[in-house]
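The values are calculated or read from the model by the stated rules, or taken from the named source; none is laboratory data. All values derive from a computational prediction rather than experimental measurement. Please note: Cβ atoms are built from the backbone with ideal geometry, for glycine as well, and neighbour counts cover all protein chains shown.
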């Protein structure tokens with residue numbers, strides 16, 4: 001499975017960088033959002049899954065990884081910064097690289113846990129909290145009622161969507177994708193943790209019954 005994960009991750013990395021999708025981000029905010037999601041939510045975790053167990057003995061603090069992923073998302077969606085990436089090819093490539101690296105850092109505590117970690121109950125909370133800033137950003141894009149990024153007012157007719165409809169679709173896409181991408185792994189980790197805790201308890205209940213009966217001493 002590991003080579004398959006890496007192949008899928010590389011494919012997800014290629015789509016926003018070298019495929020025809022890479023040329024639509026200057027015309028449609030939805031295409032730009034798809035690029036970000038592919039880099040951070042798909043390519044990064046797939047490549048990490050393919051690389052498990054990591055040969056890199058590195059255990060970053062989960063708070064650092066959470067902040068790296070969250071700040072990457074928020075900063076690049078500030079209108080002034082976002083519009084700079086549309087005018088500069090170098091900044092746009094740097095933005096894409098930062099989304100991928102931020103994704104690697106964000107998913108690291110989830111997929112590559114520290115060897116000495118006794119419990120992983122922090123992972124569901126980690127993932128749940130990560131949805132909150134993304135939900136706030138996507139809700140703002142979907143419901144603010146005006147076009148946030150001025151360059152998309154002149155999309156060049158690449159879609160039947162109006163600029164505002166394009167922005168609403170981009171916000172909704174981010175909202176739904178991030179919610180499922182973060183909460184499904186949180187549920188899987190929670191289920192695994194609960195099943196792991198039930199197993200020792202079940203074994204402890206069964207073990208006394210398996211002890212051989214000792215006949216009482218007559219003499």
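Brief remarks follow.
- Hey, residue 130 more than 20 Å from residue 13 (Cα to Cα), out of contact with any strand residue (DSSP E or B) (no Cβ under 9 Å at 6 or more places or on another chain) and crowded, with 17+ Cβ neighbours inside 10 Å or not: yes
- Test for residue 38: is it closer than 17 Å to residue 12 by Cβ and either part of a helix (DSSP H, G or I) or out of contact with any strand residue (DSSP E or B) (no Cβ under 7 Å at 6 or more places or on another chain) (or both): yes
- Among the candidates 17, 73, 10, 34, residue that is in contact (Cβ under 8 Å) with a residue 12 or more places away in the chain and closer than 18 Å to residue 133 by Cβ: 73
- Of the residues 67, 4, 21, the single one that is touching a helix residue (DSSP H, G or I) at 6+ places or on another chain (Cβ under 7 Å), in a helix (DSSP H, G or I) and at negative phi is 21.
- Residue check: residue 60 meets all listed conditions (1) in contact with a helix residue (DSSP H, G or I) (Cβ under 7 Å, 6 or more places away or on another chain); (2) modelled with pLDDT of 95 or more; (3) more than 23 Å from residue 26 (Cα to Cα) but one, namely (2).
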